[in-house]
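The values are calculated or read from the model by the stated rules, or taken from the named source; none is laboratory data. Since we're looking at a predicted model, the values are computed, not measured. A quick note on method: Cβ atoms are made from the backbone with ideal geometry, for glycine too, and the neighbour counts reach across all protein chains shown. Just so you know, the surface numbers come from the protein's heavy atoms only, side chains and all, with ligands and any DNA or RNA stripped out. Shrake-Rupley method; radii C 1.70, N 1.55, O 1.52, S 1.80 Å.
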Amino acid sequence: DVKVTQSSRYLVKRTGEKVFLECVQDMDHENMFWYRQDPGLGLRLIYFSYDVKMKEKGDIPEGYSVSREKKERFSLILESASTNQTSMYLCASRTGTRDTGELFFGEGSRLTVL
Amino acid sequence: GESVGLHLPTLSVQEGDNSIINCAYSNSASDYFIWYKQESGKGPQFIIDIRSNMDKRQGQRVTVLLNKTVKHLSLQIAATQPGDSAVYFCAETHTGRRALTFGSGTRLQVQP
């Protein structure tokens, strides 16, 4: 089975702290994604990566950056956390170079910024 | 400014009934659609997908219908069970865009 693992299920941080959310997938997928989920707003794309060291902005990249140094790992970075970044963060991966296909999601990381 | 979450639409059905969850999309270029199920405390899980060259696709107890004329997508669940209780998301993409765009979700509650 495909497994997407997010290292932290729950985090509590203070305003201004630097936050790292880590995601690892074990199926050699080329594409990895970070989404943010808020009630009633669905999932909104923050950043994605289609290859090592490659990244593209999604719909809401402001306040975030990403790193993909290895194929299996995709990190989301909040340089200076703010209270409006309190949310559920979901990592996903997908194989191939096609634009379609199932996304496999991790269990999510719930971040609270005080 | 800080965004305020919207109320999540809820569909309540009796166990054993059929459920229909609807989704509208706005991009006429969308050519691939997918439904996800998210149970409490878990990440979304794939249910079924459909390409724009089809108008219907069936899986196990689920059917997706696509009406491109009115940009509408629906998920039908036959003989709904308590285990079907979850939030359901539709998502779409189009050629040239690698990522899915998700809808806001519908909560399905199955009453015993």
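Run the simple label-point estimate for A:VAL52 and B:SER26 please: 7 Å along Cα→C-beta, distance reported in nm.
4.0 nm
Take the residue pairs A:LYS53/B:LYS37; A:LYS18/A:LYS70; A:LYS3/A:LYS53 and return only those whose Cα atoms are more than 25 Å apart.
The answer is A:LYS53/B:LYS37.
Which order do you get for A:ARG68, A:ARG9 if you rank them by accessible area with a 1.4 Å probe, largest at the top?
Correct descending sequence by accessible area is A:ARG9, A:ARG68.
Count neighbours as other Cβ atoms within 10 Å of each site's Cβ, and list the trypsin sites (Lys or Arg not before Pro) in segment A:82-114 that are DSSP loop with at most 12 such neighbours.
Passing both the DSSP loop test and the Cβ count: A:ARG98.
Given H placed on each backbone N at 1.01 Å, which residues far from A:LEU43 in sequence or on other chains put an amide H within less than 5 Å of it?
For A:LEU43, whose amide H was placed from the backbone, the distant partners under 5 Å are B:PHE102.
Output ³J(HN,Hα) for segment B:36-48: one whole-Hz value per residue in order, computed from phi by the Karplus curve 6.51 cos²θ - 1.76 cosθ + 1.60 with θ = phi - 60°, and x for Gly and Pro.
10, 10, 10, 7, 4, x, 10, x, x, 10, 4, 10, 7
Over what distance in Å are the Cα centres of segment B:70-106 and segment A:1-37 separated?
Going from one Cα centre to the other spans 23 Å.
For segment A:20-34, take each phi angle, set θ = phi - 60°, evaluate the Karplus expression 6.51 cos²θ - 1.76 cosθ + 1.60, and give the result in whole Hz per residue in order, putting x for glycine and proline.
Result, rounded to whole Hz: 10, 10, 9, 9, 10, 10, 10, 10, 6, 6, 6, 9, 9, 9, 10.
Quick query: amide H of B:ALA86 versus all other amide H atoms, modeled in the peptide plane; which residues come in under 5 Å with a sequence gap of 5 or more or a different chain?
Residues meeting the criterion, in which the H sits 1.01 Å from N, are B:LEU108.
Could you order A:LYS71, A:LYS53, B:LYS37, A:LYS18 so the one with the most accessible surface comes first? Probe is 1.4 Å.
Output order, biggest surface exposure first: A:LYS53, A:LYS18, A:LYS71, B:LYS37.
With all protein chains present, calculate the accessible area of B:LYS56 using a 1.4 Å probe and round the result to the nearest 10 Å².
Ignoring ligands and nucleic acids, B:LYS56 comes out at about 110 Å².
Applying 1/(1 + (r/R0)^6) with R0 = 22 Å to the Cβ-Cβ distance of B:GLN109 and B:GLN45, what FRET efficiency is obtained, to the nearest 0.05?
My answer for the efficiency is 0.75.
If amide H atoms are built 1.01 Å from N in the plane of the peptide, which residues on other chains or at least 5 residues away come under 5 Å of the amide H of A:ASN31?
A:ARG94, A:GLY96
How much area per residue is accessible in the protein assembly as shown when the probe is 1.4 Å and only protein heavy atoms are counted (Å²)?
50 Å²
Along segment A:44-60, what does the Karplus equation 6.51 cos²θ - 1.76 cosθ + 1.60 (θ = phi - 60°) give for ³J(HN,Hα), rounded to whole Hz, x for Gly and Pro?
Values, residue by residue: 10, 7, 8, 8, 9, 9, 10, 5, 4, 6, 9, 8, 9, 5, x, 8, 9 Hz.
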